[in-house]
Amino acid sequence: LSRLKGDLRPAVVAHSGLTRSTQTAVGAIDAMTSNEKASGRKGDGYQFRRSFRLERLPSLRSIDFGPYAGGKEASEVVATTARTVGAWTAGYLDVRPDGGGESGREVLSRAALALRSLTKIVTRASSAGGSGMDSGSVVAVSHSSYIRMLLAILLGIPLEVATTLPQGNACINVIDLCRDGSLVDL
């Protein structure tokens with residue numbers, strides 16, 4: 001992120017509001033800011049930004065797998081999560097985790113909301129800071145299981161396939177959306 005130049009430089013870093021995503025978002029801003037200060041470059045298409053807006057976007061929060069996770073053995077949590085996601089990938093989107101939490105349908109609905117919200121953020125950034133579609137970029141920090149569901153929507157792939165997409169800590173997915181929310185490139 002710190003090496004992006006010109007119109008690709010985000011003005012907004014959105015995060016879910018949960019501790020891990022907030023810390024990662026702040027770290028991304030720190031990296032981009034320190035790189036700009038260190039480079040001291042201006043001109044040749046490079047836009048120097050002294051600040052980035054940090055924006056909490058609750059629709060980016062992690063999947064709510066219910067209260068079962070607190071105080072349980074890791075193997076039990078993994079088994080419950082696997083059963084729930086397995087049901088979703090088999091098409092049973094109204095299944096909820098043991099003890100409550102979100103259904104797959106609710107997660108997918110929230111992911112669609114996040115995409116609409118991110119499109120609005122990009123449109124606002126474009127209107128405020130430049131011209132044309134390419135002038136609005138946003139960084140969205142979220143959680144791996146949720147990102148896989150979001151990618152399923154964008155790529156039009158079954159959840160079964162999306163659950164196998166590698167999403168390590170601090171990985172970056174670059175998604176190019178039109179202002180109407182349709183996918184241009186991934």
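Looking only at region 87-99, which residues are open to solvent by 20 Å² or more (accessible area, probe 1.4 Å) and touching a helix residue (DSSP H, G or I) at 6+ places or on another chain (Cβ under 7 Å)?
Across region 87-99, the qualifying residues are 89, 93, 94, 95, 98, 99.
Just need a number here: residues in region 51-81 that are closer than 15 Å to residue 142 by Cβ and assigned to a helix (DSSP H, G or I).
Count: 3.
Can you pull out the residues in region 4-49 that are at pLDDT 60 or above, of a type in the set (A, V, I, L, M, F, W, C) and not in a loop (DSSP other than H, G, I, E, B)?
Once the filter is applied, which keeps residues that are at pLDDT 60 or above, of a type in the set (A, V, I, L, M, F, W, C) and not in a loop (DSSP other than H, G, I, E, B), region 4-49 yields 8, 12, 13, 14, 25, 26, 28, 29, 31, 32.
I'm checking my understanding of the structure. Among residues of region 123-132 that are closer than 28 Å to residue 26 by Cβ and open to solvent by 30 Å² or more (accessible area, probe 1.4 Å), which one is modelled with the lowest pLDDT? Give the derivation first.
Keep residues of region 123-132 that are closer than 28 Å to residue 26 by Cβ, which gives 123-130.
With open to solvent by 30 Å² or more (accessible area, probe 1.4 Å) added as a condition, the list becomes 123-124, 127-130.
Details: 123: 76, 124: 75, 127: 67, 128: 62, 129: 56, 130: 48.
Among those residues, the one meeting the criterion is 130.
Evaluate the following for residue 84: is it open to solvent by less than 20 Å² (accessible area, probe 1.4 Å), at pLDDT 85 or above, assigned to a helix (DSSP H, G or I) and farther than 28 Å from residue 12 by Cα?
Details: open to solvent by less than 20 Å² (accessible area, probe 1.4 Å): yes; at pLDDT 85 or above: yes; assigned to a helix (DSSP H, G or I): yes; farther than 28 Å from residue 12 by Cα: yes.
Considered against the rule, which asks whether it is open to solvent by less than 20 Å² (accessible area, probe 1.4 Å), at pLDDT 85 or above, assigned to a helix (DSSP H, G or I) and farther than 28 Å from residue 12 by Cα, residue 84 comes out as yes.
Looking at region 157-175, which of its residues are more than 22 Å from residue 82 (Cα to Cα) and small (Gly, Ala, Ser)?
Scanning region 157-175 gives a single hit, 170.
For region 88-104, check the following and say yes or no: at least one residue is under 25 Å from residue 139 (Cα atoms), modelled with pLDDT of 90 or more and in contact with a Leu (Cβ under 6 Å, 6 or more places away or on another chain).
Yes: region 88-104 contains one or more residues that are under 25 Å from residue 139 (Cα atoms), modelled with pLDDT of 90 or more and in contact with a Leu (Cβ under 6 Å, 6 or more places away or on another chain).
Filter region 100-116 down to the residues that are in contact with a Ser or Thr (Cβ under 7 Å, 6 or more places away or on another chain) and open to solvent by 50 Å² or more (accessible area, probe 1.4 Å) and list them by number. Quick ask: steps written out before the conclusion?
Looking only at region 100-116, we keep the residues that are in contact with a Ser or Thr (Cβ under 7 Å, 6 or more places away or on another chain), and these are 110, 113-114.
The one that is in contact with a Ser or Thr (Cβ under 7 Å, 6 or more places away or on another chain) and open to solvent by 50 Å² or more (accessible area, probe 1.4 Å): 113.
I need every pair where a residue in region 149-178 that is under 17 Å from residue 25 (Cα atoms) and part of a loop (DSSP other than H, G, I, E, B) has its Cβ under 8 Å from the Cβ of a residue that is modelled with pLDDT of 85 or more and β-branched (Val, Ile, Thr), sequence separation at least 6 or different chains.
From residues that are under 17 Å from residue 25 (Cα atoms) and part of a loop (DSSP other than H, G, I, E, B), the pairs are 167/147; 170/24; 173/147.
The values are calculated or read from the model by the stated rules, or taken from the named source; none is laboratory data. A quick note: this is a predicted structure, and the numbers were derived from the prediction, not measured. Using ideal geometry, Cβ is built from the backbone for each residue, glycine included, and neighbour counts are taken over all protein chains shown. Surface areas here come from the heavy atoms of the whole protein model, side chains and all, with no ligands, DNA or RNA. Shrake-Rupley method; radii C 1.70, N 1.55, O 1.52, S 1.80 Å.
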